[in-house]
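Data first, discussion second: the structure below is written as structure tokens.
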Amino acid sequence: MLMKYRIVSDSSSNYLISEGHVDYRTVPLKILIEGKEYSDEIGLNTEEMVLAMERSENATFTSCPNTQEWLNAFEGADGIFVITISAKLSGSYNSAMQAAEIYMQEHPEAKVHVIDSAMTGAGMQLIIEKLNELIGRDLSFDEIRILVSEYQSHLELIFTLESLANLAKNGRVNPAIAKVAGLLGIHFLGKAVDGKISQQKICRGQKHVISAAAADMIKTGWKGGKVIINNCLNYQRAEKLKEALLKEYPNADIRINSCTGLCSYYAERGGMIIGFEV
């Protein structure tokens, strides 16, 4: 009996509509700003949300999908691959795992594999695209599970931040540091390390952060593999990074897309999230 495959991710993948051939669903995370809830799904006005976040003087919050929301996304399929934001950044993975256990108890013929991406955004999208490819190759569920895990070991994620304002409001960064960084035009280059966010470099100005990001990718092992650049309301800067990378590998597959709600919340205006193959 052929399995009815489905790929399900939380909305931090920035990939709300699949371009692949496999049935695909997303489950939204939510952002709360000044008492208003923004659900990270198709139709969200990201620029309006970011503006509300910038105008707010109070702490803002996010919430992960609950178990029932995951179960709703699973319904009707029996070969399900789930991708979540890093388990060290959100409760999304744990919620998805609980839903997977319940679903397999209620549907003994079903298989559900939950993948902790150890990343967010562009890194998750690369995993989704790989799953689309593997499912199309007529492999077994377990073969796909093994191969996508191996593929994950060849992915890296870096990010650049122009603003630390939201992080400061939420107590993750000293407000004085955030203010000085903004006044001096300081940008931050960071990296996903074992599912956690690690600061790599402080850069003065846009040109410096772009060259630093390209150099870090090459140092990490990028040799012209796929790259996805998520940008938060700053396509021009993402295009500059793409140009810098194409100078090194002119035939590289490099795509730019926009951050949706959750990633815009963390990247803030001008930020970028870059996933790439090594």
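The values are calculated or read from the model by the stated rules, or taken from the named source; none is laboratory data. It should be emphasised that the depicted structure is a prediction, and the values quoted were computed from it without experimental measurement. Here the Cβ positions follow ideal geometry from the backbone for every residue, glycine too, while neighbour counts run over all protein chains shown.
Of all residue pairs spaced 6 or more apart or on separate chains, those with beta-carbon atoms under 9 Å, a first member in the stretch 162-184 that is at positive phi and a second member that is among the hydrophobic types (A, V, I, L, M, F, W, C) and at pLDDT 75 or above are 171/59. Filtered by the rule that a residue be buried (at least 21 other Cβ atoms within 10 Å of the Cβ) and either under 20 Å from the mean Cα position of the chain (by Cα) or assigned to a loop (DSSP other than H, G, I, E, B) (or both), the stretch 65-88 gives 65, 70, 73, 77, 80, 81, 82, 83, 84, 85, 86. The condition (being out of contact with any His (no Cβ under 9 Å at 6 or more places or on another chain), at pLDDT 95 or above and over 20 Å from residue 13 (Cβ atoms)) is satisfied by just one residue among 139, 134, 126: 139. Could you look through the stretch 1-49, keep only residues that are in contact (Cβ under 8 Å) with a residue 40 or more places away in the chain and among the small types (Gly, Ala, Ser), and pick out the one that is surrounded by the most Cβ atoms within 10 Å (Cβ to Cβ)? Within the stretch 1-49, the match that is surrounded by the most Cβ atoms within 10 Å (Cβ to Cβ) is 12.
For the stretch 83-97, the criterion of being under 20 Å from residue 195 (Cβ atoms), hydrophobic (A, V, I, L, M, F, W, C) and modelled with pLDDT under 95 is met by at least one residue.
A single member of 30, 88 is under 21 Å from residue 124 (Cα atoms) and touching an Asp or Glu at 6+ places or on another chain (Cβ under 6 Å), and it is 30. Taking the stretch 2-61 as the range and being among the polar types (S, T, N, Q), outside any loop (DSSP other than H, G, I, E, B) and out of contact with any Phe, Trp or Tyr (no Cβ under 8 Å at 6 or more places or on another chain) as the test, the residues that pass are 11, 12, 13, 39, 46.
For residue 166, the test of being closer than 28 Å to residue 132 by Cα and surrounded by 17 or more Cβ atoms within 10 Å (Cβ to Cβ) is failed. Applying the set (1) closer than 25 Å to residue 51 by Cβ; (2) in contact with a helix residue (DSSP H, G or I) (Cβ under 8 Å, 6 or more places away or on another chain) to residue 248 leaves exactly one unmet item: (1).
The set of residues from the stretch 228-278 being in a strand (DSSP E or B), of a type in the set (A, V, I, L, M) and either under 11 Å from the mean Cα position of the chain (by Cα) or under 16 Å from residue 218 (Cβ atoms) (or both) comprises 228, 229, 254, 272, 273, 274.
Within the stretch 97-111, residues that are in the same structural domain as residue 68 (by TED's automatic domain parsing) sit with their Cβ atoms under 6 Å from residues that are surrounded by 16 or more Cβ atoms within 10 Å (Cβ to Cβ) and among the β-branched types (Val, Ile, Thr), at 6+ positions apart or across chains, in these pairs: 97/114; 98/67; 99/67; 100/112; 100/114; 103/112; 104/112. Would you be able to say whether some residue in the stretch 58-76 is in the same structural domain as residue 141 (by TED's automatic domain parsing), aliphatic (A, V, I, L, M) and at pLDDT below 95? Taking every residue of the stretch 58-76 in turn, none turns out to be in the same structural domain as residue 141 (by TED's automatic domain parsing), aliphatic (A, V, I, L, M) and at pLDDT below 95.
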